[in-house]
1. Out of (1) surrounded by 13 or more Cβ atoms within 10 Å (Cβ to Cβ); (2) at pLDDT below 65, what's the single condition that is false for GLY96?
2. Can you tell me which residue in the stretch 16-64 is most open to solvent (accessible area, probe 1.4 Å), limited to those that are in a helix (DSSP H, G or I) and under 24 Å from ALA111 (Cα atoms)?
Amino acid sequence: GLGFNIVGGTDQQYIANDNSIYVSWIKKDGAAYLDGRLQEGDKILAINGKELKDLRHKDAVELFRNAGYYVSLKIQRRLQPQNGPVGHRGGGESGGLPLASILVPGLALAATAVWIFLRYRQRM
């Protein structure tokens, strides 16, 4: 298996008024855990190019079970809630960039580079 569980769907909404599919649990030492990119709480938008919009839970599970050996996921990362206003430094000071505005694009770039490398390596 892929090493993770999913929740959600039109018949088992994980979040009220949201039919999306979410990662609920990642198996330690499973494929997703070893890959390291997927996180619990991530919304899965598509698998192998097939969008997961408005599917029943069991239909989404079936797509994952039949995904094959090489799997491509399109995900939306869950944003972690922050304490206080964005960019607040305390003491009345402000300025600078929030750390997330630097890290998020950097991580996205790194993930894209790894994905391109893995795809290129498979074709060799």
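1. (1)
2. LEU34
The values are calculated or read from the model by the stated rules, or taken from the named source; none is laboratory data. These numbers come from a predicted model, not from an experiment. Note: ideal-geometry Cβ built from the backbone for every residue, glycine included; neighbour counts use all protein chains shown. Quick note on the areas: whole protein, heavy atoms, side chains included, nothing else; ligands and nucleic acids left out. Shrake-Rupley method; radii C 1.70, N 1.55, O 1.52, S 1.80 Å.
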